[in-house]
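Colleague: The structure follows.
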Amino acid sequence: MTGPTIRDQRAFASGALFLAFAVFFFVTALNYPAGTAARMGPGYFPRLLAIVLAAIGLAVLLGAVRRTAERQALHRWDVKGLVWVTGSVILFALLLFPLGLVGSLFVLIVVSSRASSEFTWKGALANAAVLIALCLLVFVYGLGLRLPVWPALLN
Amino acid sequence: MDLFHNLAIGFSTAAQPANLLYAFFGCLLGTLIGVLPGLGPLATIAMLLPITYALPPDAALIMLAGIYYGAQYGGSTTAIVVNLPGESSSVITTIDGYQMAKQGRAGVALSTAAIGSFFAGCVATLALAALAGPLTAAALLFGPKEFFALMILGLILSSVLSSGPFIEGIGMVVLGMLLSMVGTDLSTGTQRFAFGVPQLFDGLDFVPLAMGIFGFAEIVKNLEQDDKLSLVTQKITNLFPTRDDFRRMVPAMLRGTALGTLLGVLPGGGAVLSSFASYTLEKKLSKHPEQFGKGAIEGVAGPESANNAGAQTSFIPLLTLGVPSNVVMALMVGAMNIHNIQPGPEVMTKNPALFWGLIASMWVGNLMLLILNLPLVGLWVKLLTIPYRYLFPAIMVFCSIGVYSINGGTFEVYEAAVFCVFGYVLIKLQLPAAPLLLGLVLGPAIEENFRRAMVLSRGDVSTFLTSPLSAALLAAAAIAVILIMLPTIRTRREEALQE
């Protein structure tokens, strides 16, 4: 055995995540005056929290390389599903004003449907038609939310 | 009696036709999402939060509360009929409820769950009404250091009770508190961690964060595991428990209700914990523990009463002390903020009609659920046959519109997209998200009370230990931490919280 090995990859990554956030918040908080314990400035509490988080992150990290740590590999990532889902939300935000609600919802529904392994064009299009009608009925006419319904060019 | 006078005020608010309608709508929606796996009360309340802007405050809160306890009813229906917990609080019901269904006693199990829930709902409503006064009075004695200690206790308990290693739960709490530092510092007006983005000056909004993590990221997770449901569709005929069933279920209901009422009040408690604790208790007390797991009616009656009681009494700390005990309650803080209501002792004194109306509406809602649920079981089960590939785009649509309508801008939608990725990372690392959200909600209040207490004590930290109340609360938190570190309790906790 040479050097510590990462037995628990999941815990190691979690500890690293905590540490990264702790460093980020601590360094950023250095820009704000800390003040004293009796008269705390805006930087005092965040620095305190960042130190606590760093300690926790370190403890989790060390626990992962301990010799008694359970062996645990990282889970497989479904990057494709994540990209379809997140991408459809971003597209919705981008297209809402230029295309209006009907157009952007159509994009949201069709793009996000691709995330499913059982995707069919027919199913997605039918679903889009039903959901768009439902949204117009409930949100626009029912609840009267202020949403741009049609493309900006038409107004 | 004050209590009856107050309840009378409450019922006159709750019985207004509009409020009845919103209670009904909340219960119906709650049952619906309770039935559907992959969509919980949290995402639903987050989704509807911005929409309640248009409603009067009492109607909004009545509806949102209805979603929460309605989900407990709906979750048990699918747990019993198809062995699929619609909600995490009905996981335990699948054990004996589904066995009963396989023995052709699905109807009995369903009515047991409904009667137990209704009974627990009634008791919890009374407990809420009775405890509200004294606790509100106690809250007025709280100063900054006591509030600080109380919130620390709540956060510690919530990480003790979340799944996964305790230290990671605490890490998530602290991370949540750090995220809550984003925005304007209230005492000095300094912009912290905003990087000049004007939309961040008011802080990270809770709703896009919850939606990203519990709405969108959850969908990605659900899509990965494409297991098909196998429905045991059978005619549900006999709804009526026999005399022997009654003899066995009544004590279990009483115990479950008592346990749930107590555990719901506890910070970090609520429906999930209550149902698990009740099942363990029933199995321990039973003369026939070997029947558990093979369709013991106590295993349905106890947990189903407990989860409903716990769901309702978890409103107590929120309404009296202003401290949310779980994530759904944290969202209720958001709902109250939308309507400019400061959660805490002042709700009762300043808005008695709202306060008692909400409590009374819970009883009304429970009655509706009892009537609503049994005849409609067939319909709810049919809903389960909708394939997930049609369901999840609908969830995405409602979430996106909900997030957009918080401020009528797309910034929050992008925020939700970012937290979708973050939430997916958390799922893959098996880090619990609930403590993060509680930390986010309580962070500003903890900082404020901490700073005030330190100003009053001129920078002396021992001030937290010289006040008996805050010392006791902090001692309780310390004991919880020590207990969780003990090896025997650690393994038992891991068993109990495994989902």
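The values are calculated or read from the model by the stated rules, or taken from the named source; none is laboratory data. Note that the structure is predicted; figures quoted are calculated from it, not measured. As a convention, Cβ positions derive from the backbone with ideal geometry for all residues, glycine included, and neighbour counts pool all protein chains shown.
Colleague: Give the residue, chosen from B:45, B:51, that is closer than 29 Å to residue B:223 by Cβ and surrounded by fewer than 24 Cβ atoms within 10 Å (Cβ to Cβ). So that I can check it myself, show each step before the final result.
Modeller: Numbers: B:45 fails: surrounded by fewer than 24 Cβ atoms within 10 Å (Cβ to Cβ).
Residue meeting the stated conditions: B:51.
Colleague: What is the number of the single condition among (1) touching a residue at least 12 places away in the same chain (Cβ under 8 Å); (2) over 21 Å from the mean Cα position of the chain (by Cα) that residue B:134 does not meet?
Modeller: Every listed condition holds for residue B:134 apart from (1).
Colleague: Turning to a different aspect of this structure: Of all helices (runs of 4 or more DSSP H) completely enclosed by the stretch B:388-473, which ones contain at least 1 residues that are within 8 Å of chain A (Cβ to nearest Cβ) and either of a type in the set (Ser, Thr, Tyr) or in contact (Cβ under 8 Å) with a residue 60 or more places away in the chain (or both)? Quick ask: steps written out before the conclusion?
Modeller: On the way: elements: B:388-407, B:411-428, B:434-456, B:463-466.
Of the helices (runs of 4 or more DSSP H) lying wholly inside the stretch B:388-473, those with at least 1 residues that are within 8 Å of chain A (Cβ to nearest Cβ) and either of a type in the set (Ser, Thr, Tyr) or in contact (Cβ under 8 Å) with a residue 60 or more places away in the chain (or both) span B:388-407, B:411-428, B:434-456.
Colleague: Right, something else. Please go through the stretch B:165-190 and give me each residue that is part of a loop (DSSP other than H, G, I, E, B) and within 9 Å of chain A (Cβ to nearest Cβ), ordered by number.
Modeller: Of all residues in the stretch B:165-190, those part of a loop (DSSP other than H, G, I, E, B) come to B:165, B:181-182, B:185-190.
Selection gives B:165, B:181, B:185, B:187, B:188, B:189, B:190.
Colleague: Regarding residue B:156, is this residue among the β-branched types (Val, Ile, Thr), surrounded by fewer than 23 Cβ atoms within 10 Å (Cβ to Cβ) and within 14 Å of chain A (Cβ to nearest Cβ)? If you could, list the steps in order and put the result at the bottom.
Modeller: On the way: among the β-branched types (Val, Ile, Thr): yes; surrounded by fewer than 23 Cβ atoms within 10 Å (Cβ to Cβ): no; within 14 Å of chain A (Cβ to nearest Cβ): yes.
Spelling it out, it is not the case that residue B:156 is among the β-branched types (Val, Ile, Thr), surrounded by fewer than 23 Cβ atoms within 10 Å (Cβ to Cβ) and within 14 Å of chain A (Cβ to nearest Cβ).
Colleague: Further question: Residues in the stretch A:88-102 that are more than 15 Å from residue A:127 (Cβ to Cβ) and surrounded by 18 or more Cβ atoms within 10 Å (Cβ to Cβ): how many? Let's see the steps before the verdict.
Modeller: Taking the stretch A:88-102 as the starting set, the residues that turn out to be more than 15 Å from residue A:127 (Cβ to Cβ) are A:89-101.
With surrounded by 18 or more Cβ atoms within 10 Å (Cβ to Cβ) added as a condition, the list becomes A:89-93, A:95-96, A:99-101.
Of the residues in that region, 10 qualify.
Colleague: Residues being farther than 17 Å from residue A:30 by Cα and exposed (fewer than 12 other Cβ atoms within 10 Å of the Cβ): count how many of those fall in the stretch B:184-203.
Modeller: First pass over the stretch B:184-203, keeping only residues farther than 17 Å from residue A:30 by Cα: B:186-187, B:197-203.
Applying the additional criterion that residues be exposed (fewer than 12 other Cβ atoms within 10 Å of the Cβ) yields B:197-198.
Matching residues across the stretch B:184-203 total 2.
Colleague: Search the stretch A:36-71 for residues being among the β-branched types (Val, Ile, Thr) and facing chain B (nearest Cβ under 8 Å), and hand back the single one that is surrounded by the fewest Cβ atoms within 10 Å (Cβ to Cβ).
Modeller: Taking the stretch A:36-71 as the starting set, the residues that turn out to be among the β-branched types (Val, Ile, Thr) are A:36, A:51-52, A:56, A:60, A:65, A:68.
With facing chain B (nearest Cβ under 8 Å) added as a condition, the list becomes A:36, A:52, A:56, A:60.
On the way: A:36: 11, A:52: 17, A:56: 24, A:60: 24.
Going through the qualifying residues, I end up with A:36.
Colleague: Can I ask one more? Tell me which residues, restricted to the stretch B:317-340, are among the β-branched types (Val, Ile, Thr) and either out of contact with any Gly (no Cβ under 9 Å at 6 or more places or on another chain) or closer than 22 Å to residue B:403 by Cα (or both). Outline the logic, then answer.
Modeller: Of the stretch B:317-340, the ones among the β-branched types (Val, Ile, Thr) are B:320, B:323, B:327-328, B:333, B:338.
Of everything in the stretch B:317-340, those that are among the β-branched types (Val, Ile, Thr) and either out of contact with any Gly (no Cβ under 9 Å at 6 or more places or on another chain) or closer than 22 Å to residue B:403 by Cα (or both) turn out to be B:327, B:328, B:333, B:338.
Colleague: Scan the stretch B:259-297 residue by residue and report those that are more than 15 Å from the chain's Cα centre (by Cα), in contact (Cβ under 8 Å) with a residue 24 or more places away in the chain and either crowded, with 17+ Cβ neighbours inside 10 Å or in a helix (DSSP H, G or I) (or both).
Modeller: Keep residues of the stretch B:259-297 that are more than 15 Å from the chain's Cα centre (by Cα), which gives B:259, B:277-297.
Cutting the leftovers down to in contact (Cβ under 8 Å) with a residue 24 or more places away in the chain gives us B:259, B:277-282, B:285, B:292-297.
Listed by number, the residues that qualify are B:259, B:277, B:278, B:279, B:280, B:281, B:282, B:285, B:292, B:295, B:296, B:297.
Colleague: Within the group A:93, A:20, which residue is more than 10 Å from chain B (Cβ to nearest Cβ), part of a helix (DSSP H, G or I), under 23 Å from the mean Cα position of the chain (by Cα) and modelled with pLDDT of 90 or more?
Modeller: Values: A:93 fails: more than 10 Å from chain B (Cβ to nearest Cβ).
Result: A:20 is the single residue among A:93, A:20 that is more than 10 Å from chain B (Cβ to nearest Cβ), part of a helix (DSSP H, G or I), under 23 Å from the mean Cα position of the chain (by Cα) and modelled with pLDDT of 90 or more.
Colleague: I would also like to ask the following. Please work out which one of (1) surrounded by fewer than 20 Cβ atoms within 10 Å (Cβ to Cβ); (2) touching a Lys or Arg at 6+ places or on another chain (Cβ under 8 Å) is the condition residue B:25 fails and give its number.
Modeller: Tallying (1) surrounded by fewer than 20 Cβ atoms within 10 Å (Cβ to Cβ); (2) touching a Lys or Arg at 6+ places or on another chain (Cβ under 8 Å), residue B:25 fails exactly one: (2).
Colleague: Go through the stretch B:394-425 and give me each residue that's within 24 Å of residue B:167 (Cα to Cα) and surrounded by fewer than 19 Cβ atoms within 10 Å (Cβ to Cβ). If you could, list the steps in order and put the result at the bottom.
Modeller: Taking the stretch B:394-425 and keeping what is within 24 Å of residue B:167 (Cα to Cα), we get B:419-425.
Matches in the stretch B:394-425: B:421, B:422, B:425.
Colleague: Then there's this: Quick one: which residue in A:128, A:133 is aliphatic (A, V, I, L, M) and either in contact with a helix residue (DSSP H, G or I) (Cβ under 8 Å, 6 or more places away or on another chain) or within 11 Å of chain B (Cβ to nearest Cβ) (or both)? Lay out the reasoning, then the answer.
Modeller: On the way: A:133 fails: either in contact with a helix residue (DSSP H, G or I) (Cβ under 8 Å, 6 or more places away or on another chain) or within 11 Å of chain B (Cβ to nearest Cβ) (or both).
Checking each option against the conditions leaves just A:128.
Colleague: Let me ask something else. From the list A:79, A:89, pick out the single residue that is touching a residue at least 12 places away in the same chain (Cβ under 8 Å) and under 27 Å from residue B:418 (Cβ atoms).
Modeller: Values: A:79 fails: touching a residue at least 12 places away in the same chain (Cβ under 8 Å).
Step by step, each of A:79, A:89 is checked, and only A:89 is touching a residue at least 12 places away in the same chain (Cβ under 8 Å) and under 27 Å from residue B:418 (Cβ atoms).
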